[in-house]
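Below is one structure, written out as structure tokens, with a few remarks after it.
Taken together, the values in this text are just the output of simple stated rules run on the coordinates, not laboratory data. Predicted, not measured: the structure shown is a model, and the values here were computed from it. As a convention, Cβ positions derive from the backbone with ideal geometry for all residues, glycine included, and neighbour counts pool all protein chains shown.
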Amino acid sequence: MAAQAVDVPRGTLEPDVGRTSGTAADNLKGIPRYLVDTLNPTKLPQVLDKVVNGSVSRTCAYGLQRISENQLVGSTWTPSFYGYDGHGNVRFLENTAGTHGHVPA
């Protein structure tokens, strides 16, 4: 695996700020940075970690598709698992209790 900071077009990952690298001043402002794996089985860049204010706030696990993400809520890591339809599109996120959370449009 090769993980590196890769520029992402504005708005691709975040509505307001979509980039993977920035200055130290950006880090202090809470502007997110992303760790991206560019060498993987899908041949597409995959976001592994989201870093805000110098700390990891979200991680993603991948196989041939996204499997799960862990998000830091307060001081607790909260896992969510992706649910797919028959065409391979993400349809929902599910928590460890099996409850559906965010459903992408």
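Some observations on this one:
- Label-to-label distance, nm, for residues given as Tyr84 and Ala97 (7 Å Cα→Cβ offset): 2.8 nm
- Summarising the amide proton neighbourhood of Val56: residues at separation of 5 or more, or on other chains, whose placed amide H is nearer than 5 Å comprise an empty set.
- For the stretch 48-57, the Karplus equation 6.51 cos²θ - 1.76 cosθ + 1.60, evaluated at θ = phi - 60°, returns couplings of 9, 9, 10, 10, 10, 6, x, 10, 5, 10 Hz by residue, with Gly and Pro reported as x.
- Nonlocal amide H pairs with Phe92, under 5 Å, H built at 1.01 Å: Gly83
- Under 5 Å, built H, 5+ apart or other chain: amide partners of Leu48: Leu35, Val36, Asp37
- The stretch 65-105, Rg to Rh (Cα coordinates; Rh as Kirkwood inverse mean 1/r): 1.00
- Using 0.36 nm per residue and subtracting the Cα-Cα separation, the extra length available between Ser55 and Ser68 on full extension is 2.7 nm.
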